[in-house]
1. Carbon and sulfur together cover what percent of the accessible area of region B:239-332 at a 1.4 Å probe radius?
2. Just tell me how shielded B:156-165 is by partners: mean number of partner chain Cβ atoms within 10 Å of each residue's Cβ, no decimals.
3. Leaving ligands, DNA and RNA out of it, report the carbon-plus-sulfur percent of the accessible area of region A:262-369 at a 1.4 Å probe.
4. Describe numerically, in nm with one decimal, the distance between label points set 7 Å from Cα along Cα→Cβ at residue B:320 and at residue A:320.
5. For B:10, A:334, give the ranking by accessible area with the largest first, probe 1.4 Å.
6. Which links in A:70/A:281; A:70/A:240; A:27/A:70 stretch past 20 Å when you go from one Cα to the other?
7. Quick one: pull the percent of accessible area on region B:163-225 belonging to carbon and sulfur, 1.4 Å probe, ligands and nucleic acids left out.
8. When you take every Cα atom in region A:262-369, what is the radius of gyration, and what is Dmax, the widest Cα pair distance, in Å?
Amino acid sequence: MNAETTATVPEPAAGGDVLLRVENLVKYFPVQSSAFFRRDREYVHAVDGVSLEVRQGQTLGLVGETGCGKSTLARCILRLYNITSGRITFDGRDISKLSARQMRPLRREMQMIFQDPYGSLNPRRRVGSIIGDPFAIHKTATGQERKRKVQEVMELVGLNPEHFNRFPAEFSGGQRQRIGVARALAFRPKLIVCDEPVSALDVSIQAQIINLLADLQSELGLTYLFIAHDLSVVRHVSNKVAVMYLGQVTELAPVDDLWAHPRHPYTDALLSAVPVPDPDKAGQRERIILAGDVPSPISPPSGCRFHPRCPKAAPTCVEKDPVLEPRLGDAADHLAACHFPVEDGEDISKSRPTISADERVIESGLLGSA
Amino acid sequence: MALLEVDDLHVSFRTSDGIVQAVRGVSFHVDAGQTLGIVGESGSGKSVSTQTIMGLTRGARISGQAMFEGRDLLTLGQGEMRKIRGAEIGMIFQDPLSSLHPYYKVGWQIVEMIRQHDHDMSKAQAKARAVELLNLVGIPQADRRVDDYPHQFSGGMRQRAMIAMAMSLNPKLLIADEPTTALDVTVQAQVLAVIKTLQEEFGTAVILITHDLGVVADVADNVQVMYAGAVMEKADLRTTFFAHHHPYTEGLLQSLPAYGGERERLRPIHGQPPSLINLPPGCPFAPRCAYVMDRCRTEVPPLATVGTDATHLSACWLPHDMAARNELRLKVVGEPLPAQAEA
Ligand SMILES: Nc1ncnc2c1ncn2[C@@H]1O[C@H](COP(=O)(O)OP(=O)(O)OP(=O)(O)O)[C@@H](O)[C@H]1O
Ligand SMILES: Nc1ncnc2c1ncn2[C@@H]1O[C@H](COP(=O)(O)OP(=O)(O)O)[C@@H](O)[C@H]1O
Ligand code: SF4
Ligand code: SF4
Ligand SMILES: [Mg+2]
Ligand SMILES: [Mg+2]
């Protein structure tokens, strides 16, 4: 990689300052309700009281089932959405209520990489001009100067700078994702939100992009918020991981801690469901198969939102909302929102809920008895 | 004799850019009660080869043989194929919406499927059977949900409904093309559990296409690794993971973050797959292979047995003696095979 571009970069500290802080973030989307119910308007509780922070130079992984609010949270943080309530502090500045115009200078410092390397690139525009967009929008460089800067970034992400004039279709999936990374990097942002950046790629190519993101992080001191549904990828790239369920963070911990001592039954189930690419281990593991599907985020369950599917659910769980805090004597940075956290060595695949049948999802057939 | 025996299958498509050689001489077989995992990166011909067997590739040039219970599926007419599809060979696709019709109730679609093949069954009987099947795949309150439309089901429920439909006629073979790729891991675990349990119950043979080696490790008995329309390696599950021969298999496994424990950097396969219109001469993997030799660039390596194991095949010019192959691995990759548990 280009040595020149990295000369002035500060050393990324192991536990740098907090670059991003999210406090009690709420984002509701109104839903079109039928005429009959018009009086009480309904809302999708997409993000419902999320608090977290990301330190400079580190990666926070964000995981959870589809629809749990990961992308919405990401878009709120970048202020691509107005937020319903809560506070977002970026680099020491409260950005929760900034207008689009006030946000503009900050956009250079917070960038996003998307999942779909095809959909997010305009097929009719040349790659050089796509990557050069940020310079054009912010009117910071023109003509030869812009071209030089773009080619510099192309080289940084492992694209051939001579391909400046090619169209997206002339690149492979992995290369297109590199274009997406290059575009995000144009201004050397402080924070990059990666929303499923490798999910559409084959494993061999996925590994190329993950290495690229890691190299850029150590060379440029970047901070990542990394969303992915592949837990082995999240484990590999993250320092800390936040697990989301129905718009809330259910567990937040340093990555090794989370894998070694998952406290929330949902985390436990999620981790146990990850297929391991090792035939000897695959057969041995006790897989926790969750009953049913994620309930609707329009009217989330009372108390702990996981209670209808939780193997450990007890009457308290239906009544009381569990607080996100250290449990079972865990360190201050390992938080879980559960009244009955999983003990080390506990096998919850054998647990049975003690709440009444109409408060939980009842599975039938093979799965129910499995 | 194998339940399905595919021999030297070739499939190509004429496109405006030239002829796409999607499948180039693929052979495999599946036995009753067994699961064959087919892996390989996207575009390697996994879907085209199985869809061709089912008579679902239109406008393609096809040659080869696919013997299913004494009949060559590739020579059957549309009418005969329709009788086999569903009744004898069930299919599950990646996107359940593509095979569940959006305008009809889920239960009704299963009822139709059953009655098309079993004219003696009454509507009421067929509906009872549909409820039983939905129940079997873990749809809560199946007797009520049977009257739902597909859009009222979640992604995981649709996928399970499709399995119910695919299993409704007790097929001898189930072809599942990336059945869990679009699903969350928790739902994936549910779906794989259903497939496994049904297989144990009915002795169904399964062909499972996936790019997820974790899924393969979980369910397959035998594995076929494909690249650029051809089979690179074929072996039983443990051999594939612990004593593979082909550098592409090695590369796929090494790229995984989970492979070999904690590691600072991943080890991707460099470059990208070749165009199927302009294939390089010689071994199709040569441009990306860490072991490439002069010979690889000119001569196509045949799929041949490795060592003394007649069921382990690899299409690679490296020594087919595993001791010599492993020595090379040490030299080129710098480390031996992953911790090899006793066979
Ligand atoms: N613009 C919108 N209007 C209404 N509802 C929305 C909107 N965007 C998202 N939602 C809803 O908010 C919830 C969270 O969606 P979000 O896209 O954040 O999920 P996600 O965790 O990113 O899921 P995935 O893993 O599938 O990407 C979902 O119920 C979704 O349907
Ligand atoms: N109808 C078609 N016309 C032209 N090319 C096709 C057609 N269907 C598939 N192909 C090509 O055949 C190759 C193999 O495709 P496929 O079997 O779908 O791959 P996969 O291994 O991902 O399932 C790809 O290059 C694909 O683009
Ligand atoms: S609070 Fe209760 S329902 Fe929620 S995760 Fe903990 S045990 Fe389960
Ligand atoms: S034949 Fe040669 S190029 Fe092909 S996989 Fe084997 S060593 Fe590599
Ligand atoms: Mg999303
Ligand atoms: Mg496919």
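The values are calculated or read from the model by the stated rules, or taken from the named source; none is laboratory data. Because the structure is predicted, anything quoted here is derived from the model rather than measured. Quick reminder, even Gly has a Cβ in these numbers, built from the backbone with ideal geometry, and neighbours come from all protein chains shown. Ligands, DNA and RNA are excluded from the accessible area calculation, which covers all protein heavy atoms including side chains. Shrake-Rupley method; radii C 1.70, N 1.55, O 1.52, S 1.80 Å.
1. 57
2. 1
3. Here carbon and sulfur together make up 53 percent of the probe-accessible area.
4. 6.9
5. B:10, A:334
6. Violating the 20 Å Cα-Cα cut-off are A:70/A:281.
7. Percent of accessible area from carbon and sulfur atoms in region B:163-225: 45.
8. Gyration radius and largest Cα-Cα distance of region A:262-369: 14.6, 43 Å.
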